[in-house]
1. All but one of (1) surrounded by fewer than 21 Cβ atoms within 10 Å (Cβ to Cβ); (2) within 17 Å of the chain's Cα centre (by Cα) hold for C:A353; which doesn't?
2. For region A:369-382, give me each residue that is over 18 Å from A:Y442 (Cβ atoms) and under 21 Å from the mean Cα position of the chain (by Cα).
3. Return the only residue of C:T155, C:T191 being over 28 Å from C:L21 (Cα atoms), polar (S, T, N, Q) and more than 9 Å from every other protein chain (Cβ to nearest Cβ).
4. Determine if region C:119-126 includes at least one residue that is facing chain A (nearest Cβ under 10 Å), surrounded by 23 or more Cβ atoms within 10 Å (Cβ to Cβ), touching a Leu at 6+ places or on another chain (Cβ under 7 Å) and modelled with pLDDT under 90.
5. If we keep just the residues of region B:15-31 that are touching a residue at least 24 places away in the same chain (Cβ under 8 Å) and assigned to a helix (DSSP H, G or I), which is surrounded by the fewest Cβ atoms within 10 Å (Cβ to Cβ)?
6. I'd like the full set of residues that are surrounded by fewer than 18 Cβ atoms within 10 Å (Cβ to Cβ) and either among the hydrophobic types (A, V, I, L, M, F, W, C) or closer than 24 Å to C:F462 by Cα (or both), limited to region C:392-404.
7. What number of residues within region A:440-456 are within 21 Å of the chain's Cα centre (by Cα) and either touching a residue at least 40 places away in the same chain (Cβ under 8 Å) or surrounded by 15 or more Cβ atoms within 10 Å (Cβ to Cβ) (or both)?
8. Which of the residues belonging to region C:85-114 are within 11 Å of chain A (Cβ to nearest Cβ) and in contact with a Phe, Trp or Tyr (Cβ under 9 Å, 6 or more places away or on another chain)?
Amino acid sequence: MWFYSVETFLVLASLFFFSWSLRKEVHLTLFHKLVGWAGFLVLLSALFSFDFRGVFFQEVYVMDGFSQLMKVILVLGYFITLFLAQEVKDVDGKHQPEFYLFLTTSTLGMVVLVSAKDLITLYTALELASYSLYLLIPMRSNGKGSAEASIKYILIGIAASGIMVYGFSLLFGLTQTTYLNEIAAQLPLLYQMPIFWVAFFFSLAGFFFKLSFFPFHAWTPDVYEAGNTQVIGFISTVSKIAGLSVLIRFMLLAGETAHVLDDVWVAIAIATMTIGNLSALIQKDLKRLLAYSSIAQAGYLLVGVLCISEKGISGAIYYAAAYLVMNLTAFFIISQLSKNGNNVPTSAVKGLFKRSPLLALTLLISFFALAGIPPLAGFTGKWFIFSAAVNSGYNVLALVAIFNSIISLYYYLMVVKDAYSDEGIEAGGLEPIRLKPAYQIYCYLSIAVLVVTGFFPHLFMSLTKQSIAVFF
Amino acid sequence: MINDITPYLILSAALFCIGLYGLLARRSLIGILIATELILNAANINFLTFSRFMDVDKAVGQIFTLFVIALAAAEVAVGLSIVLVVYRNFNTINVEKMDHLKG
Amino acid sequence: MNLPILSIILLAPLLAMALILFVKEENSRLIKSIALIGSGISFLGSIYLVLAYDYHSAEFRWVEQWFEVPGWGIQFILGVDGLSIPLVLLTSIIIFSGVLVSQNLKFRVKEFFALLLLLVAGAYGVLLVLDLFFFFLFYELAVIPMFLLVNIWGTGNKTYAANKLTLYLLAGSGLVLFGFFILYFVSGLNTFNLKDMLELASFSPGMQKGLFILFLIGFGTLSATWPFHTWSPDGYASAPTAASMLHAAVLKTLGAYGILRVAVALFPEGAHYWQWLMLSFGVINILYAALCVIVQKDLKYIVGYSCVSHMGIVMLGIGTLTQAGLNGAMFQMFSHGIMTALLFASVGYIYEAKKTRNLDDLKGLFKEMPKASTFFILAGLTCLGLPGLSGFVAEFLVIYATFSVSYVFGSLALLGLVLSAIYILRILKSSFWGVPSDKSTAPVGVDHNWKTALPQYILFSFLLLLGICPMILIQFISQTSIVLLRGY
């Protein structure tokens, strides 16, 4: 029974892609068909293993409600990325199996990350996930931009993880254990020691980098702009959610005592949201716009998590799942808009409603969801998060978050308006965009999901509440 | 071996600071990778020190060290392959020359 | 008969919108018919509500509960009382005539009607739901279609106007959102259900004052309360006719509805504390907007500012916190809605015919297009409060109530009415009844036939009806205003 867990299937999928990468000749058409099916099998296994519970390997690896739910969300993101990357245009044909291999190993790392209960497992999983992503960025065959971005990404990344390991070592010394729950149990004793603060913040450096919180957010715009669109969709959603899960697990384990760190979390959340939203207002490249917007979205997620209440965390999980769908759809639209995988300026959206009404509608729904407009899932998620914040007493934070949300509306609305207006289009600049039937179905599905889960949130919310119920 | 924990901790802290400085100040990509190795090894020394002097399960610190060594090796492998890609594109490994993308 | 009548009223425009999305763009007759039928169903539903409501009690009737999100206190619950029923009727009248007014649209018909129906669904939603989450959901839902409507089908400086409108309204609703969260937290009832809060919650005076001002400003922004009114003239002038009609008549009223339903009903002490502010806002709106009208040359801006001025009467009525004042305010909400819709409909028709909105170019319009001008003139007379039309009743009630509270404010309000008489009569004299100018380059206008005049006839008939028998409406709202004021 335990064989059919998602980890096994991810390992099998990586072996599958690895074997393809060893071939001299890659038959791309056959390969592309298989890619989608591989992702689907992994998704099935995640759904199947949703009910697995247990503790493994001397308690370093735990499967509980929370981890299995997050695994489903992560693998869903992985599957959507594979599905939408079936014919990735800016990676050389002979490198394509490695492309999918690294996506798979990265997901494997993240899946292990959400189940980890011990510092060693955490570190190993995080590194597995990160190295795969470092390798994916330079695969884009677009020259100077991707090389520079990849070196920036890897250097900041390994710096962050180096600092994190040093922090882990200090934490290990202070608490004499590497198990997260035991560390959390000793928190009340450690707050007075300055060295603990050093250790704690160093340990968080790696995760702040993954989540692109202030102050480790500077890599985001460059890497997003220069990387392959599908990979960036993956990084912006799945990898953020994995980082968020670790943060949530730590908060859940620490419980009420973690409120000592409130001021810091609030400051980081406000800084992240504000920097993200204000910088996005002036962007001219769609991927950079989405990069800054995703920095801000991570800020909203932090608002939900820092409440450490049942409401806050279940709201954050709901919003994370909604964010997955919205952001992946937004990047999908960009990949459809770009010719041969080149970057897309914001003006390229003009007249989209004529080129492909379905794509324009999908753009409208996903951007409105990101902006938090009812009755879409983004609005409902923000409602849950902000009301949880007020409920736990963080009034000022909620007010700042609401106003940040309103500021962000401006840049989302500008893009949507361009998509639907018909001014400023040069004659003959409008070729229709044909979507494959599979992609059309994806568009309809994502619209339906965003509207339905936004208007009827109770189905998913009871799921999220159940998953963390054991901690409260 | 010295029987006091403090010198080892000072050593690892010093290594960490040197590594951090190198990370921020060196211009050559290889130099930056070496600095990162210094940071990781500082952490390793910490683990081993705590494993020796404190009341922990002796194996844990040493296992963590082995993991860090292995992962550092993998990291360098990945890093060097990316340095190669960068060299092919820019013909230099001077970090200051790579500023085409806006910050 | 146990039909879920409220859900039908809410779903009819949504289903019509869904159907329209599947019809091809070329089939514009079908699209317009679907829109007409959808709004017609809601219209019939709201007439049923009006006829079947027992206005001697102010309870919520036809309460329906559909689903809930446990643990968060959110339920989808619908219900109406004497305050919401007239407004539901108003909404259905306006959308029905709005759809009729847009019969000649040729440009991107499908999306236009889909957005219009979405807008009205948002308005219905706000009026019908009794849970704060869904209240806010529908409230914000009504802002976005307006953004697209102004941007795509608008005229003049439309991008600027659309941006200003949307961002202003969303900023106001941000305050309202924050207020809702605090309400949830402070009421201690763990629910967003407004009905329960009305019955059970009580708040400390300090909290009441703080929350009241929050909601006053938040909802006031939607009601174009000075100083948060600047989105309104630009927005309405640039919007297409049906959108202006709907927004000015219905959505602005939603702001006042929000103030009544949430702020006044829940926070009596807060309302008393801020009473002077409400009265001042009301009077400033009336006077300031009236003064702005006097210098305008663009007909749509005139209507826009006059709309702002008349919302001042509503705010003034609410501010008096007396039964007569509240009755007058609610009457004015209805009457102003119909009157402004009629004004925008007439202006829209004149603009279509003459391709200009400038007063100088429209001199002598009465001779050219007598029927079209007459509707504008009749709406203008309602505006200045001619007895026999509904405007008089509303203004009389409100000013009477204001005098009972404060002579100063009453006199200022009276001054505002004089100003409105001045501007209306000036427009009529210099423009409609004036001598045609030789310098005008506008084409000759075609006057109404019965088809194009139908929406105007419908709207005017309500103005006349309410002017002659105002009790039909007042008996609705009397009992409700007593209940609203029971804490005072």
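1. The one condition C:A353 does not meet is (2).
2. Across region A:369-382, the qualifying residues are A:A371, A:G372, A:I373, A:G378, A:F379, A:T380, A:G381, A:K382.
3. That would be C:T191, the only listed residue that is over 28 Å from C:L21 (Cα atoms), polar (S, T, N, Q) and more than 9 Å from every other protein chain (Cβ to nearest Cβ).
4. no
5. B:I30
6. C:F396, C:Y400, C:F403
7. 9
8. Correct list: C:F107, C:R108, C:E111.
The values are calculated or read from the model by the stated rules, or taken from the named source; none is laboratory data. Since the structure is predicted, the reported quantities are computational estimates derived from the model, not experimental observations. Don't worry about glycine lacking a Cβ; one is built from the backbone with ideal geometry, like all the others, and counts go over all protein chains shown.
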